[in-house]
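Colleague: The following block contains the structure, expressed as structure tokens.
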Amino acid sequence: MALIAINAWCAEIPTPSQMYIVSAAFSDFGALFYYRVVDIRTDGPDVVIRYARIGWTNPTFCARKIVQATQVRLRNRTIKDLVKANNPCAVNPRDLAAMVKKYSITAGHFETFSAGVVATCGPTTSVLELPDESKVDLKKLKSANAKMSRLWNLISNVVDPAFGKDDIFQGRTEAEDLVLQRAGQEIVPELASGRYDQALAAAVHGNDTTWRHPSIRDLLNDYRGPITNSEAKAAALSIVVLVDAEQYRFSAFAKPDYPVLAAMARIHGDVTMGLTVDPVTGEVTSVEASSGNKMLQNNAVATAKNWRLEPNSAGAQKVSVTMRYTLQCR
């Protein structure tokens with residue numbers, strides 16, 4: 001009788017008839033958040049998985065928001081085949097939250113990844129919040145409840161069999177990326193409909209963000225359609241000028257190139273330097289920066305050391321100059 005009761009209890013735990021997962025990942029490369037939506041549903045004897053990413057072009061100064069998407073049909077497969085022993089319907093959301101709180105930790109990190117899972121479990125809907133791994137001791141959680149610890153592998157359980165272990169959205173040619181972006185553009189209305197916001201809220205809550213009322217509609221507010229990395233880079237205009245250049249007479253002068261890392265970090269502003277000049281030859285014998293961002297200072301000083309003024313044009317041994325670094329998006 002006991003065995004029958006156990007089997008009956010296990011049979012009552014459904015496998016999701018459909019589910020979707022939204023992840024929020026922060027990268028210090030460009031200091032940006034990236035979001036992914038995995039939508040899994042049954043269609044007759046098959047499973048259809050749609051995978052979308054909301055992010056940016058390479059994080060230059062004028063990085064543009066993009067939406068990429070792709071879809072695959074796994075024939076004669078079920079959601080149960082994909083989740084295997086990692087069934088989100090078998091985990092009580094309150095119990096998960098309690099265990100996460102119990103094994104919470106604080107750790108330094110440069111990148112974060114959190115997720116929200118919304119699963120249709122029979123007549124009910126289950127919402128699971130998976131915070132970034134830097135916030136929970138997964139080893140201790142695994143010892144206490146292996147079923148819960150496996151939830152952090154749920155995305156790979158679904159995505160890898162469908163799209164492979166390599167990230168389908170990265171390392172593509174511009175032509176391949178445009179195909180993904182055009183597919184993403186087609187589903188923007190559905191993404192913005194609010195359908196996935198419950199999972200987005202769970203993902204955002206488990207990450208390092210102050211976004212109080214997450215919605216994909218707001219996230220897509222500045223989306224302007226497909227664009228290649230080359231087009232985004234061409235829209236970036238970095239300008240370096242010598243302020244009041246007409247006051248100086250140079251026999252050798254070159255403006256510094258805008259430092260790539262400074263542009264990526266959106267660093268701009270003025271750099272003031274003091275030049276020591278040989279009044280007879282006009283040679284710049286030393287340069288010292290007195291203000292400005294350190295990255296821009298190093299760039300300006302290195303360039304100024306190669307300048308030369310016309311002989312006897314400086315009027316003094318010490319000359320103060322200002323380089324202005326400006327970033328614009330066309």
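Colleague: With unit charges on the beta carbon (Lys/Arg positive, Asp/Glu negative), name the residue among 313, 276, 122 whose Cα is farthest towards the positive pole of the charge dipole of the chain.
Modeller: 122
Colleague: Let me ask something additional. If packing is taken as the mean number of other Cβ atoms within 10 Å per residue, what is the order of 179-185, 315-321, 260-266, highest first?
Modeller: Numbers: 179-185: 18.3, 315-321: 12.3, 260-266: 15.0.
So the peptides 179-185, 315-321, 260-266, ranked by packing, come out 179-185, 260-266, 315-321.
Colleague: Can you give the helix-only mean residue ellipticity at 222 nm for the chain, where every DSSP H stretch with n ≥ 4 adds -39500 (n - 2.57) and the sum goes over all residues, rounded to the nearest 500 deg cm²/dmol?
Modeller: -8000 deg cm²/dmol
Colleague: Would you list which lysines come within 29 Å of residue 318, measuring only between C-alpha atoms, while excluding same-chain residues fewer than 8 positions from it?
Modeller: Correct list for residue 318: 255, 294, 305.
Colleague: Roughly what would the spin-label model give for residue 243 and residue 75, points 7 Å off Cα along C-beta, in nm?
Modeller: Between residue 243 and residue 75, the simple spin-label model gives 6.9 nm.
Colleague: Shifting gears a bit: Pull up all non-local amide H partners of residue 17: gap of 5 or more, or a different chain, and H-to-H distance under 5 Å with H placed in the peptide plane.
Modeller: 120, 122
Colleague: Quick check: the angle from helix 2-11's long axis to the longest principal axis of the chain, C-alpha only, nearest 10 degrees?
Modeller: Long axis of 2-11 versus the principal axis of the chain: about 50 degrees.
Colleague: If I model a spin label as a point 7 Å beyond the Cα along the Cα-Cβ vector, how far apart are those points for residue 176 and residue 218 in nm?
Modeller: It is 3.6 nm.
Colleague: Further, regarding this structure: Restricting things to alpha carbons, tell me how big segment 167-296 is in terms of Rg and Dmax, in Å.
Modeller: 23.7, 74
Colleague: Here are labelled values, (i) 5, 20, 23, 17, 12, 10, 7, 4, 1, 0, 0; (ii) 5, 25, 36, 25, 6, 1, 0; (iii) 6, 24, 29, 22, 14, 4, 1, and one is the computed P(r) over Cα pairs in 10 Å bins from 0, in percent for what I pasted. Which one?
Modeller: Step by step, P(r) over Cα pairs in 10 Å bins from 0, in percent for this structure corresponds to label (i).
Colleague: Angle check, please: helix 154-163 long axis (alpha carbons) against the longest principal axis of the chain (alpha carbons), in degrees 0 to 90, nearest 10.
Modeller: On a 0 to 90 degree scale, this one is about 80.
Colleague: Work out, step by step, the length gained on full extension between residue 84 and residue 13: first 0.36 nm times the residue separation, then minus their alpha carbon distance; give nm to one decimal. Provide the component values of the computation, followed by the final result.
Modeller: Details: separation 71, 0.36 × 71 = 25.56 nm, distance 1.32 nm.
Contour length minus the Cα-Cα distance gives 24.2 nm.
Colleague: Suppose R0 equals 45 Å. What FRET efficiency, 1/(1 + (r/R0)^6) with r the Cβ-Cβ distance, do residue 143 and residue 190 give to the nearest 0.05?
Modeller: Efficiency, from the Cβ-Cβ distance: 0.65.
Colleague: Starting from the Cα gyration tensor of segment 127-213, multiply each eigenvalue by 5, take the square root, and state the resulting semi-axes largest first in whole Å. Show your work: numbers first, answer last.
Modeller: Numbers: eigenvalues 164, 75, 29 Å².
Semi-axis lengths for segment 127-213 are 29, 19, 12 Å.
Colleague: Same structure again: Take the cross-link list 80/102; 101/147; 142/165; 102/147; 65/142 and give me the ones stretching past 27 Å between alpha-carbons.
Modeller: Flagged as over cut-off: 80/102; 65/142.
Colleague: Hand me the trypsin sites (Lys or Arg not before Pro) from segment 224-264 located in a DSSP loop with no more than 10 other Cβ atoms within 10 Å, in residue order please.
Modeller: Counting only loop positions with at most 10 other Cβ atoms within 10 Å, the trypsin sites (Lys or Arg not before Pro) in segment 224-264 are 224.
Colleague: Which one of 14, 181, 66 has its Cα pushed farthest toward the positive end of the charge dipole of the chain, where Lys and Arg give +1 and Asp and Glu give -1 at the Cβ?
Modeller: Working it through, the farthest residue towards the positive pole turns out to be 14.
Colleague: What whole-number value in cubic angstrom gives the convex hull volume per residue for the C-alpha atoms of segment 16-155?
Modeller: 108
Colleague: What distance in nm separates the two pseudo spin-label positions at residue 104 and residue 329, each 7 Å out from Cα along the beta-carbon direction?
Modeller: Each label point lies 7 Å from its Cα, and together they span 3.5 nm.
Colleague: Grab the beta carbon distance between residue 211 and residue 288, set R0 = 45 Å, and tell me the FRET efficiency rounded to 0.05.
Modeller: Once the sixth-power term is evaluated, E becomes 0.55.
Colleague: Okay, next question. Classify segment 182-227 from the C-alpha gyration tensor, please: rounded if a/c falls under 1.5, else prolate or oblate depending on whether a/b exceeds b/c.
Modeller: Prolate, because a/c is 1.5 or more and a/b exceeds b/c.
Colleague: Rounded to the nearest 10 degrees, what's the angle between the helix 294-304 long axis and the longest principal axis of the chain, both from Cα atoms, 0 to 90?
Modeller: The angle comes out near 30 degrees.
Colleague: If Rh is defined by the Kirkwood formula over all Cα pairs and Rg also comes from Cα, what ratio Rg/Rh do you get for segment 235-329? The partial results should precede the final answer.
Modeller: Numbers: Rg = 13.5 Å, Rh = 13.6 Å.
For segment 235-329, the value is 0.99.
Colleague: Could you give the distance between the Cα centres of segment 223-279 and segment 173-206, to the whole Å?
Modeller: Distance between centres, Cα-based: 35 Å.
Colleague: Which Cα, out of 213, 200, 98, lies furthest along the positive dipole direction of the chain (beta carbon charges, K/R +1, D/E -1)?
Modeller: 98
Colleague: Just the projected area, averaged over all directions, of the convex hull on the alpha carbon atoms of segment 283-327: how many nm²?
Modeller: Reported value for the Cα convex hull: 3.6 nm².
Colleague: Amide H of residue 255 versus every other amide H placed in the peptide plane: which residues, excluding those fewer than 5 positions away on the same chain, fall under 5 Å?
Modeller: The list, which skips near neighbours in sequence, is empty: none.
Rule-based calculations on the coordinates, nothing more; no lab input. Note that this is a predicted model, so its numbers are computed, not measured. A quick note on method: Cβ atoms are made from the backbone with ideal geometry, for glycine too, and the neighbour counts reach across all protein chains shown.
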